[in-house]
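Novice: Below is a structure I'd like to ask you about.
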Amino acid sequence: MGEDATGSPAGSEGFRLPAPAAVLVIGVSVLTILLAFADGARLASPPRSFAVFEERGFRATTVVAGDVFDRAGVKAGDLLVAFQGEPLASSLDLVRRFRTIRSGETVRLDVERGGRSLVLSVSTWPNLSPSALAALALPVLVLLAMGIGVFLVRRQSTEASLFLLFCLTSAVNDAGQATLPAGTPLAVAFVSAVVLLGSLPSAALLLHLSLAFPSPGRFQRRLRPLLPFAYAVPLLAGAAVFLPFVLPGSGAFLASSAVRGPIRAAFDASVVASYALAAASFLVQASRAAAERARQQARLLFFALALLVVARLLFRELPLHLEGRVLIGPVGLALLDLVLPAFVAVAIARHRLFDIDVFVRHGLVYAAASVTVAGVFVGTMASLGAVARRLAPGSEAVPLAVAAALAAILFHPLRVRVQDGVDRLFYRKRLDTRRALAESAERIASLARLHEAAAYLRARGEELLAPEWAEVFVRRGEPAAWERVGASGEVESLLLPGEASALEALLEGRRRSFAPDAVEVGRRRPALAVPVTREGSLLGALLLGPRRGDAPYLPEDLDALSTLAALAGPVFERGLLLEERALQERLAAVGGASSALLHELKNPLAAIQSTAAVLRRRLPDDARGRELTEVIEGEAQRLHEAAAQVLSFVKPGEVSARESVALAPHLQALAAAVQPSFEAGRVTVDVDVPARAAVEGNPDQLRRLFLNLLLNAREAMPAGGRVRVTASEGPSPLGPRLAVRVEDDGAGFSREVLERPFVPFRTTKRLGTGLGLPNARRVAQEHGAELLLENRPEGGARVTVRFPSASTIRS
């Protein structure tokens, strides 16, 4: 079971580094690195062996092969009691005195070994040669570039802020290997403070990053209380080392084994614990994250962390403690520090850096091919020139001209063949895409039906890019209705109003394929959106999920989809026009038949109703007879209304005689007119409309609109209930709108009705015409209003008619 149902980085709402703070820490880090390199370039190579200060001097615990102590002959266990003939009185003396040594000077070391006093000496050498400085600066610059680059790409996320700080602390730590800490001068004190206080929390930053990325869950939340301790221990350790340089009085206390030993042990334990907990966090996310992408990111980061730990153990820690030597120096350590940040950068920003990947791959391959062809060209010219000079030894210009002409003639077909070979070998997908687009242009132009073109667009998108899922939509009418088209060309469903609004907002102003931000459409989160347009009009859309295997979408993929959509645009437009014309023709035919039918029915229905009325008056004492005559009258009236409803849909009249209609008395009169028939079905009507509520429109058509809605509400409650009619005014992007709501206590709308509410002649009622809602919508549109359907959370249905208010129309 996944920790995060969306698969998105749930830690993205945590710590974020503001832009001014990011600029500040980057500036401080860069300044520290530059000062550290400048200071390290003038120092003699410092001792890198490990020693502990005791009462009379430094006890060497581990001697690193090749450093000053090793070359002087110091052994593990020796006690260094004097440097340059002067006793060592504190833990700071050795660092302070060594900073005064210049490269090439001889260093004298007085040591005690097994009860004997020895005087050892060694000639020093430069700490950083120009080549060593360049080698150390390269990984430091790469760390800075990765941290800043990822932060710029994803600066609104927690992981980008933490990654920037992690890269900065690692870069400062690597640059700090070039120098020695000291309290003076000011520049060196500044470098020492930043290196000792700023670089040591890198393990804590790594732990923090693992708890915020890629998909944190319960395990990560349980570990978060440990973060203050993970940060506090290295900061205290750095302060314990730095303070004696600026506060000499504290040196003796902080240098004592009773203080420094526990601090060093606590720091080592915090680093080990931070790395172990970070590895555990990545491992848990690799198995529990809901999204496959998050699991892959977590596996990648766990692998990188394991690789880093193994490499440090094999190349530094184990050789250092077993043999007193390290297999890699400062430059090697700096290069090793690139491993984990590189993997983290890929995990965080891979989907935003594919342009660079494509540029590098394509650029390198074509550059190699171009160099090869150019070499062939130069070699051909040289060979032909040599042959020409041998054939005409007395002439220089002619052989060169002949050689150039022949080489040019041979070069062009060679270049074409090489380029074609490179495309076939390395970019077969590009060739396949070109071929597929050519086939698509021919195929899609032959399609006549709109839904066939939509299904073909979806099939081509799936074939070319292999996404996890694909959906295609067709947009109809204003306000827009979005149809989801299936793989076989049938309409699967209509988007609900909220889903349609989300899709409209996503595609607004777009004309080409794009990668949308995190937004859900139809309960799915698309990774790529492809609008289908024609001359600026939005006609449909293709939405694609993530690619299988977490592969990114490349710019050439977006171009291919944009081309496909451009090919489909005219077909969509033609299909919509053909369907609209076919619908108009069908409606005209139905309208003619309905008009004739209504004319033929009018007189018989009038005769039936009048005869039933006469019978009812002649049967005053026959209750059963009166009941039957009322049934005859009611059914005749229902038949007349049904025929009139069909006729009003297929042959709508013009909205005429517009006037300001006060809704409160209008709706109250309508409720009073239907109340007797409603009460027979145990349904009551409550009208609560403000007296000032008014709209511009035709009273008769408005009456028909609300009568349709009231009748639908009554029929939704066969066991009785209450119909509520309310109104309120509020703002909208189109200006003030007056919303009239009709609510009932029935079962609510089915999903089928909500998805496709205005399809004519489709009904779920045994004797319905399927034209109630389409007629109501048409009247609403003729009055500039919207008709919205929804189910109430507490049960029942709600139909909202949003009118422009009368004041808005008059203005």
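Novice: Can you pull out every residue in the stretch 476-490 that is open to solvent by 40 Å² or more (accessible area, probe 1.4 Å) and farther than 26 Å from P552 by Cβ?
Specialist: Once the filter is applied, which keeps residues that are open to solvent by 40 Å² or more (accessible area, probe 1.4 Å) and farther than 26 Å from P552 by Cβ, the stretch 476-490 yields R476, G477, E478, P479, S488, E490.
Novice: Would you confirm whether any residue within the stretch 247-265 is of a type outside the set (A, V, I, L, M) and modelled with pLDDT of 90 or more?
Specialist: No, the stretch 247-265 contains no residue that is of a type outside the set (A, V, I, L, M) and modelled with pLDDT of 90 or more.
Novice: Further question: Identify, please: which residue in the stretch 109-126 is among the small types (G, A, S), at negative phi and out of contact with any Gly (no Cβ under 8 Å at 6 or more places or on another chain) and is, among those, least open to solvent (accessible area, probe 1.4 Å)?
Specialist: Only one residue fits best here, namely S121.
Novice: If a residue has to be open to solvent by less than 10 Å² (accessible area, probe 1.4 Å) and outside any loop (DSSP other than H, G, I, E, B) to count, how many in the stretch 528-550 make the cut?
Specialist: Total satisfying the criteria: 10.
Novice: Right, something else. Tell me, yes or no, whether the stretch 159-175 has at least one residue that is aliphatic (A, V, I, L, M) and under 30 Å from K75 (Cα atoms).
Specialist: Yes: the stretch 159-175 contains one or more residues that are aliphatic (A, V, I, L, M) and under 30 Å from K75 (Cα atoms).
Novice: Which condition does A436 not pass, out of (1) of a type outside the set (V, I, T); (2) at pLDDT 80 or above; (3) open to solvent by less than 50 Å² (accessible area, probe 1.4 Å), if it passes all the others?
Specialist: Result: A436 passes all but (2).
Novice: Has the stretch 719-728 got at least one residue that is modelled with pLDDT of 85 or more and touching a Pro at 6+ places or on another chain (Cβ under 7 Å)?
Specialist: yes
Every residue, every condition in (1) of a type in the set (S, T, N, Q); (2) outside any loop (DSSP other than H, G, I, E, B); (3) open to solvent by 20 Å² or more (accessible area, probe 1.4 Å); (4) at pLDDT below 90, yes or no:
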residue	(1), (2), (3), (4)
V64	no, no, no, yes
T100	yes, no, yes, yes
G104	no, no, yes, yes
L128	no, no, yes, yes
A134	no, yes, yes, yes
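Novice: Given the options A286, A311, A280, A304, name the one that is open to solvent by less than 40 Å² (accessible area, probe 1.4 Å), at pLDDT 80 or above and farther than 30 Å from R218 by Cβ.
Specialist: Exactly one residue qualifies, and that residue is A311.
Novice: Moving on. If you go through the stretch 151-167, how many residues are out of contact with any Leu (no Cβ under 7 Å at 6 or more places or on another chain) and open to solvent by less than 10 Å² (accessible area, probe 1.4 Å)?
Specialist: Selection size over the stretch 151-167: 3.
Novice: Would you check which residues across the stretch 157-194 are farther than 17 Å from L301 by Cβ and β-branched (V, I, T) and list them?
Specialist: Of everything in the stretch 157-194, those that are farther than 17 Å from L301 by Cβ and β-branched (V, I, T) turn out to be T169, V172, T179, T184, V188, V191, V194.
Novice: While we're on this one: Looking at this structure, is E573 within 30 Å of L506 (Cβ to Cβ), of a type in the set (D, E) and modelled with pLDDT of 75 or more?
Specialist: So E573 fits the description; yes.
Novice: Quick one: which of R512, R525, R458 is in contact with a Ser or Thr (Cβ under 6 Å, 6 or more places away or on another chain), in contact (Cβ under 8 Å) with a residue 40 or more places away in the chain and either surrounded by fewer than 15 Cβ atoms within 10 Å (Cβ to Cβ) or over 25 Å from L787 (Cα atoms) (or both)?
Specialist: R512
Novice: Any residue in the stretch 698-718 that's within 21 Å of R682 (Cβ to Cβ): show its pairings with residues that are open to solvent by 70 Å² or more (accessible area, probe 1.4 Å) and not in a helix (DSSP H, G or I) at Cβ separation under 8 Å, as long as the two are six or more apart or on different chains.
Specialist: Taking only residues 6 or more apart or on different chains, the pairs are E715/K765; A716/A747; M717/D745.
Novice: Of all strands (runs of 3 or more DSSP E) completely enclosed by the stretch 464-518, which ones contain at least 2 residues that are of a type outside the set (D, E, K, R) and at pLDDT 80 or above?
Specialist: Because the criterion is at least 2 residues that are of a type outside the set (D, E, K, R) and at pLDDT 80 or above, the strands (runs of 3 or more DSSP E) in the stretch 464-518 that meet it are 470-476, 481-485.
Novice: Continuing with the same structure: Within the set of pairs 6 or more residues apart or between chains, which connect a residue that is under 15 Å from F343 (Cα atoms) inside the stretch 146-160 to a residue that is buried (at least 24 other Cβ atoms within 10 Å of the Cβ) and among the acidic types (D, E) with Cβ atoms less than 9 Å apart?
Specialist: Pairs found: V150/E159.
Novice: Could I ask something else about it? Output the number of the condition that L206 fails; it satisfies all remaining conditions of (1) without any contact (Cβ under 8 Å) to a residue 60 or more places away in the chain; (2) surrounded by 24 or more Cβ atoms within 10 Å (Cβ to Cβ).
Specialist: It is condition (1) that L206 fails.
Novice: Mind checking which strands (runs of 3 or more DSSP E) fall wholly inside the stretch 652-731 and carry at least 3 residues that are open to solvent by less than 20 Å² (accessible area, probe 1.4 Å)?
Specialist: Here the list reads 721-730.
Novice: Out of V95, V63, report the one residue that is β-branched (V, I, T) and either more than 26 Å from V194 (Cα to Cα) or touching a helix residue (DSSP H, G or I) at 6+ places or on another chain (Cβ under 8 Å) (or both).
Specialist: Only one candidate qualifies: V63.
Novice: Would you please name the residue that is farthest from A345 (Cα to Cα), looking only at residues in the stretch 157-210 that are assigned to a loop (DSSP other than H, G, I, E, B) and β-branched (V, I, T)?
Specialist: Selected residue: T184.
Novice: Give just the number: which of (1) part of a helix (DSSP H, G or I); (2) open to solvent by 50 Å² or more (accessible area, probe 1.4 Å) does V95 not satisfy?
Specialist: (2)
Novice: So, one more: Using beta carbons and a limit of 7 Å, which pairs, at least six apart or on different chains, have the first residue in the stretch 111-130 and basic (K, R) and the second one surrounded by 11 or more Cβ atoms within 10 Å (Cβ to Cβ) and part of a strand (DSSP E or B)?
Specialist: none
Novice: Pairs needed: first member in the stretch 169-188, buried (at least 20 other Cβ atoms within 10 Å of the Cβ); second member anywhere, modelled with pLDDT of 90 or more and β-branched (V, I, T); C-beta distance under 6 Å; at least 6 residues apart or different chains.
Specialist: As it stands, the answer is A171/V140; V172/T32; D174/V140; A175/I33; A175/V140, since those pairs meet every condition given.
The values are calculated or read from the model by the stated rules, or taken from the named source; none is laboratory data. Fair warning: this is a prediction, and the values are worked out from it, not measured in the lab. Every residue, glycine as well, gets a Cβ built from its backbone with ideal geometry; the counts of neighbours run over all protein chains shown. Areas reflect the complete protein model, heavy atoms only, side chains present, ligands, DNA and RNA absent. Shrake-Rupley method; radii C 1.70, N 1.55, O 1.52, S 1.80 Å.
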